[in-house]
Amino acid sequence: MSTNYSLRLSGALPVPITADESVYSLALRKLRGAIVQNPIRIFCALLFFSAATLAQTAKFTVGTASAGPGEKVNGFIEVPAGTDAGTRIPVTVIRGKKPGPVLALVSGAHGTEYTSIIALEHVIQHLEPGEISGTVVVVPLVNLESFHQKVPHVNPVDRKSMNRFYPGKLDGTQTERAAYLITKEVVEKCDYLIDLHGGDLDESLRPYSYWSKTGDAKMDATTKAMVLAFGLDHIIVVTDRPRDPIASRYLESTASTRGKPAITAEAGYSGTVETDDVNALVAGCANVMRYLKILPGEAKPIDSPVWLTKVDTIPSDVDGIFYPLVKRGTYVEAGTKVGYVTDYFGKTISEKSAPVAGVVLYVCGVPSMKKGELMANIGEVGKPE
């Protein structure tokens, strides 16, 4: 005696199946019935299924790095020669087997901010496709010539900062061409972005991150959650970032003006690579991945960060030899002397004091001082609105 079963396809009636009828035959018979009853619904469902399947199996490509599901692939964003030499920017695409968002991690816009570069090298080495859902794009070293020549702040090829000329242009100098290709290959292909920095060769910097408020409530809620998940205990609130996508200036604002939530985090100082600073950046990226459901597990945001609502800069008004009187991370009162400058014979020619009470975010870490360069930055403690 045969046994009756039934299978249900959305929009179709139960169809009896006998034990001697194959499930495959039943499926074909049932699909024919469903198409007859509701052809448009079935067509749309098949179309959606095909598109979703294609998207999940297609290669994800950044520059020459092209990864399918379950792959980790290294490559380069090739910046062609123009008015000056070309360059190549290393990139790794790490693709999970499960669907999920695309997160871009970028560092090395200033090639001697070594801690951030080493942190993303750790991510490349240790993050495996089998651990993640979605895709992680890692760009560990934007400014190769700065790194090779040990030149702080700028690209030595054209003397421009590689975090000041976004969204770039193809007919510009090397920095502008690189910014254009990063905009096209990284920013426009990601869903979220983290830009990592740190203290340059002459900057004794304490760790902090930025929460840039755009006025878009949904995006601001997302970026606030990202920066809290990142976990650095001092957060600078910024409200004056560019909002024009064709004059975005910074990498972070290039992402936000294109609808991609982005944050910036900094750790490391004066060209050093300290384990605690590297670990802080690696752990921050991992916890944001948990918040975005790229990595499994619960994201644990920092509970009570110090919010800094304004940053006051203290520039030098003379050339000479700088002597700091404060250390990074210390709290100072208004009027506290932060440093002085002597001439080249040791005579003091300028003294500077903190204009407000706050925390020393960074102080110049070398004796070299030129007029207009920063002696220190002071962050004012407040509450985000």
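Annotations for the structure displayed:
- Residue within segment 301-311 that is assigned to a strand (DSSP E or B), loosely packed, with under 12 Cβ neighbours inside 10 Å and outside the structural domain of Pro69 (by TED's automatic domain parsing) present: no
- Just one of the listed residues (Ala262, Ala217) is touching a Leu at 6+ places or on another chain (Cβ under 7 Å), aliphatic (A, V, I, L, M) and more than 30 Å from Pro367 (Cβ to Cβ), namely Ala262.
- Looking only at segment 199-223, and only at residues there that are free of Cβ contacts under 8 Å to residues at least 12 places away in the same chain and either among the aliphatic types (A, V, I, L, M) or surrounded by 24 or more Cβ atoms within 10 Å (Cβ to Cβ) (or both), the one that is farthest from Gly379 (Cα to Cα): Ala217
- Exactly one residue among Ser212, Ser248, Ser253 is modelled with pLDDT of 95 or more, more than 28 Å from Val363 (Cβ to Cβ) and not basic (Lys, Arg), and that residue is Ser248.
- Cross-chain or 6+ apart pairs with Cβ under 7 Å, segment 273-285 first and in contact (Cβ under 8 Å) with a residue 60 or more places away in the chain, then of a type in the set (Val, Ile, Thr) and not in a helix (DSSP H, G or I): Cys285/Ile194
- Subset of segment 335-375 [within 22 Å of Pro305 (Cα to Cα) and either part of a strand (DSSP E or B) or of a type in the set (Gly, Ala, Ser) (or both)]: Ala357, Gly358, Val359, Val360, Leu361, Tyr362, Val363
- Qualifying residue in segment 98-118 (condition: part of a loop (DSSP other than H, G, I, E, B), of a type in the set (Lys, Arg) and at pLDDT 95 or above): no
- Out of Val227, Val311, one residue alone is within 23 Å of Val154 (Cα to Cα) and at pLDDT 95 or above. It is Val311.
- Condition met for Val318 (aliphatic (A, V, I, L, M), in contact with a strand residue (DSSP E or B) (Cβ under 8 Å, 6 or more places away or on another chain) and surrounded by 15 or more Cβ atoms within 10 Å (Cβ to Cβ)): no
- Leu196 vs. criteria among the hydrophobic types (A, V, I, L, M, F, W, C), touching a residue at least 40 places away in the same chain (Cβ under 8 Å), in contact with a Ser or Thr (Cβ under 6 Å, 6 or more places away or on another chain) and part of a strand (DSSP E or B): yes
- In segment 142-167, the residues that are outside the structural domain of Asp244 (by TED's automatic domain parsing) and under 20 Å from Leu120 (Cα atoms) form no Cβ pair under 6 Å with any partner that is in a helix (DSSP H, G or I) and acidic (Asp, Glu), whether six or more places apart or across chains.
- Here Ala85 meets the list (1) in contact with a Gly (Cβ under 9 Å, 6 or more places away or on another chain); (2) in a loop (DSSP other than H, G, I, E, B); (3) surrounded by fewer than 21 Cβ atoms within 10 Å (Cβ to Cβ) almost entirely, failing just condition (1).
- Count of segment 155-214 residues which are of a type in the set (Val, Ile, Thr) and over 30 Å from Ile314 (Cβ atoms): 6
- The selection criterion, being at pLDDT 95 or above, assigned by TED's automatic domain parsing to the domain that holds Ala225, in contact with a strand residue (DSSP E or B) (Cβ under 9 Å, 6 or more places away or on another chain) and not aromatic (Phe, Trp, Tyr), does not hold for Ala286.
- Restricting segment 346-364 to residues that are among the charged types (D, E, K, R) and without any contact (Cβ under 8 Å) to a residue 24 or more places away in the chain leaves a set whose member that is surrounded by the most Cβ atoms within 10 Å (Cβ to Cβ) is Glu351.
- Subset of segment 289-303 [among the hydrophobic types (A, V, I, L, M, F, W, C) and touching a strand residue (DSSP E or B) at 6+ places or on another chain (Cβ under 7 Å)]: Met289, Leu292, Ile294
- Any hit, segment 256-273, residues being of a type in the set (D, E, K, R), in the same structural domain as Ile94 (by TED's automatic domain parsing) and not in a strand (DSSP E or B): yes
- Residues of segment 224-266 satisfying the condition of being of a type in the set (Val, Ile, Thr), surrounded by fewer than 24 Cβ atoms within 10 Å (Cβ to Cβ) and either farther than 25 Å from Arg206 by Cβ or without any contact (Cβ under 8 Å) to a residue 60 or more places away in the chain (or both): Val238, Thr239, Ile246, Thr257
- Scanning segment 148-180 for residues that are surrounded by 18 or more Cβ atoms within 10 Å (Cβ to Cβ) and part of a helix (DSSP H, G or I) yields Gln174, Thr175, Glu176, Arg177, Ala178, Ala179, Tyr180.
The values are calculated or read from the model by the stated rules, or taken from the named source; none is laboratory data. In this text, all values refer to a predicted model and were calculated from it rather than measured experimentally. Cβ: placed from backbone, ideal geometry, glycine included. Neighbour counts: every protein chain shown.
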